[in-house]
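This report concerns only the one structure given below.
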Amino acid sequence: MASMNILIIILIAAGGLYLGGRWAYQRRQREALLAAPLSAAHKAIVVKNVPLFEKLPDALQTKLEGLMNRFLSEVTFFGQQGVKITDDIRVTIAAQACVLIVNKENRWFKSLKTIHVYPAAFKSKLVGVEGHVHSERDQARSGESWAKGPVILAWDHAAYGAFAAHDGQNVVMHEFAHQLDEQTGKTDGSPLLDKDHSASRWARVFQVAYQRLRDDVAAGRGNVLNGYGATNPAEFFAVATEMFFERPDELRAHEPDLYGELSQYYRLDPAAWY
Ligand SMILES: [Zn+2]
C-alpha cells in the first residue's frame, strides 16, 4: 500500500514537472517571437500593403513586428469559397489586428484561434453571439467577430481597408476592436480598462458621444463618426476605433474627450503620427 502511495506521488510530481517544463518552453518560444523582427519576406508585404506601418514611430514598429510574429504563429487562417491562404493575406491581416494592441502591455486576443477569410462580402446565416444576444444575420457582410470564437473577414475589404489608410473605415480594426471588447465577457463597448483608467469617466464620455451620434443619425445630420456606430454601444466602440487610427486629427477635433479616452485605452496618440 505504501509503495502504491509512493508511486502515485512520483506520477503526480512527474506530471507537474512535465507541465511546468512545457509551460516554460512555450513561454520562451513566445518571448523569442515577440523579440524577433519580421522575416524580410513578411516585412516587404507589410510595407507594400499596410501604409500605416511606416507611419509608426520606430519603437512601435519594432513592437508590432514581434506581435505579428506571435499572431502568425498562434492564429490559424482558413480560406473559404476558394480563397487560398497566402502570406499576403496572413501578414496584411495580422499587421492591422496587432496595431490595436501594439502599446498595450500584456494584452492579447485571448480567445482568438482562427480567422476565416472569404474572397469578398459574404452571406452569413450563422447564429452569432454578441454579448448575451444571439442574432441571425443574412445580409452580406465584410466581417464578423464571434464572442470566444473566430473572426471572419472578406479579403477584398481587409486589403482595401489597409490600403485606404485614411478613409476612416477599416474592417480588420473594427472586428478586432470587438475581440478586445469581448474580453470582459460582454460585447458592450466597455472593454477591460487598465487600473489607472477611470471606468466612470470612460462610461460618461462614451455615453455622451454615442448619444450625439444617435441624435445626429436620427436628425439626418452629419457626424465625424460613421452612422453604423449608432447601432449599439459595441458598434460605437468599433467604429470609433476605426476613426481613432485612420483619421485621428478629425476625431480629436470633433470629439476631443472620446479621442482622449481611446488614447488612454490604446496607450497611443495616432494624431502625432501623421
Ligand atoms: Zn461590428
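The values are calculated or read from the model by the stated rules, or taken from the named source; none is laboratory data. Since this is a predicted model, take the numbers as computed values, not measurements. Here the Cβ positions follow ideal geometry from the backbone for every residue, glycine too, while neighbour counts run over all protein chains shown. Just the protein is used for accessible areas: all its heavy atoms, side chains included, with ligands, DNA and RNA removed. Shrake-Rupley method; radii C 1.70, N 1.55, O 1.52, S 1.80 Å.
Relative to the first principal axis of the alpha-carbon coordinates of the chain, what is the inclination of helix 40-49, with its axis defined by its Cα atoms, in degrees from 0 to 90 and to the nearest 10? Between helix and principal axis, roughly 20 degrees. Ranking Leu17, Gly79, Ile89 by how far each Cα lies toward the positive end of the dipole of the stretch 1-126 (charges on Cβ) leaves Gly79 at the top.
Semi-axis lengths, largest first, of the ellipsoid equivalent to the chain are 35, 23, 21 Å, with √(5λ) applied to each eigenvalue of the Cα gyration tensor.
The stretch 63-90 and the stretch 196-228 have their alpha-carbon centroids 33 Å apart. Summing charges over all other residues whose Cβ lies under 10 Å from the Cβ of Ala238, with Lys and Arg as +1 and Asp and Glu as -1, gives -4. Rolling a 1.4 Å probe across the protein heavy atoms gives the stretch 209-274 an accessible surface of 40 Å² per residue. Between Gly143, Ala40, Leu213, the Cα set farthest toward the positive side of the dipole of the chain (charges on each charged residue's Cβ, about the Cα centre) is that of Ala40. Counted over the stretch 139-272 with a bin width of 5 Å, the fraction of Cα pairs per bin, in whole percents, is 2, 11, 20, 25, 22, 15, 6, 1, 0. Helix 199-219 axis versus longest C-alpha principal axis of the chain: approximately 40°, rounded to the nearest ten. Pairs of lysine residues in the chain that meet both criteria, 8 or more places apart or on different chains and Cα atoms under 13 Å apart, total 5. Label separation (Leu17 vs Arg201): 5.2 nm, computed from points 7 Å beyond Cα along the C-beta direction.
Ligands, DNA and RNA left out, the accessible area of the chain computed with a 1.4 Å probe is 57% carbon and sulfur.
Output the 0 to 90 degree angle, nearest 10, between the alpha-carbon long axis of helix 256-266 and the longest principal axis computed from the alpha carbons of the chain. It is inclined by approximately 10 degrees.
Dipole of the stretch 188-274, Cα-centred, from +1 at each Lys and Arg C-beta and -1 at each Asp and Glu C-beta, to the nearest 20 debye?
Charge dipole, the stretch 188-274, about its Cα centre: 180 debye, nearest 20.
Assuming charge only on the beta carbon of Lys and Arg (+1) and of Asp and Glu (-1), the dipole of the chain about its Cα centre is about 860 debye to the nearest 20.
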